[in-house]
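Heads up, the thing below is written out as structure tokens.
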Amino acid sequence: EREKAGAAEVDLKIKEGLALMAPRSNLEEIADRVERLQLVTDCRGPDLNATTVEDICSVLDRKANVEDINDVLRSVQGDIDAKIDSAAFHKAVRDQSAINASICVDSSVGRWLWKTGRTKAGHLIPWNSQVLNTDPANFGWEKDRSSVCCQSGGLYEINLCFFARKKPVLQLLVNGEAVIESNN
């Protein structure tokens, strides 16, 4: 009877232990989750047995939660909402271009050089190089031509500087008429 009582007690302990154990499918699911966590974390290496509950909890604590993701999405949406749309941007560029054009009317500048040192027929100077032209629609320049044509009438300031071995005779022609003449 003692043996029967001992066997019954062992049998009861085994049944209690089995009742406490998780079903095999749950154990496989847990093992699969632990394996996936191991692949995406840097806990303690490839040995799953070396991973402790603290390691897994630490990794889970560092993982972004839904609220963190939503905060980032709200921030990005706020940045997008604060951006100017394409139509408004192009309108602003057009408006600024009109303002710039009205300001630049008074500061049209052109600079051309005579680099060859040779004159054309009639001792005319060919302008070989354009250094600066802030208003190409107004200042019509063509390489090696002896004239620069201004399309818009108005008041212009003209500066001339020539370096030569002999004293040059300089004339500035406007519409074919000499308006400035220098003999020294």
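Can you tell me how many residues in segment 133-151 are out of contact with any Pro (no Cβ under 7 Å at 6 or more places or on another chain) and open to solvent by less than 60 Å² (accessible area, probe 1.4 Å)?
Going through segment 133-151 one residue at a time, the tally reaches 7.
Is it the case that some residue within segment 143-164 is within 39 Å of the chain's Cα centre (by Cα) and in contact (Cβ under 8 Å) with a residue 12 or more places away in the chain?
Yes: one or more hits.
Only one of these is over 30 Å from Val179 (Cβ atoms), modelled with pLDDT under 85, part of a helix (DSSP H, G or I) and under 36 Å from the mean Cα position of the chain (by Cα): Val59, Val93. Name it.
Residue meeting the stated conditions: Val59.
If Gln77 satisfies all but one of (1) modelled with pLDDT under 75; (2) open to solvent by 70 Å² or more (accessible area, probe 1.4 Å), what's the number of the condition it fails?
The failed condition is (1).
Where residues in segment 97-120 are out of contact with any Leu (no Cβ under 9 Å at 6 or more places or on another chain), open to solvent by less than 90 Å² (accessible area, probe 1.4 Å) and of a type outside the set (Ser, Thr, Tyr), which of them is farthest from Leu155 (Cα to Cα)?
Among them, the one singled out is Gly117.
Looking at Lys120, Lys83, which one is at pLDDT below 90 and touching a Pro at 6+ places or on another chain (Cβ under 8 Å)?
Matching residue, one of Lys120, Lys83: Lys120.
Here is a list: Lys115, Lys143. Which entry is in contact with a strand residue (DSSP E or B) (Cβ under 7 Å, 6 or more places away or on another chain), over 25 Å from Asn100 (Cα atoms) and either of a type in the set (Lys, Arg) or part of a helix (DSSP H, G or I) (or both)?
Answer to the selection: Lys115.
Would you confirm, using the coordinates I've provided, whether Trp127 is farther than 17 Å from Ser107 by Cα, aromatic (Phe, Trp, Tyr) and open to solvent by 60 Å² or more (accessible area, probe 1.4 Å)?
no
The values are calculated or read from the model by the stated rules, or taken from the named source; none is laboratory data. Being a predicted model, the structure only gives us computed values, none of them experimental. Please note: Cβ atoms are built from the backbone with ideal geometry, for glycine as well, and neighbour counts cover all protein chains shown. All accessible areas refer to the heavy atoms of the entire protein, side chains included, with ligands and DNA or RNA removed. Shrake-Rupley method; radii C 1.70, N 1.55, O 1.52, S 1.80 Å.
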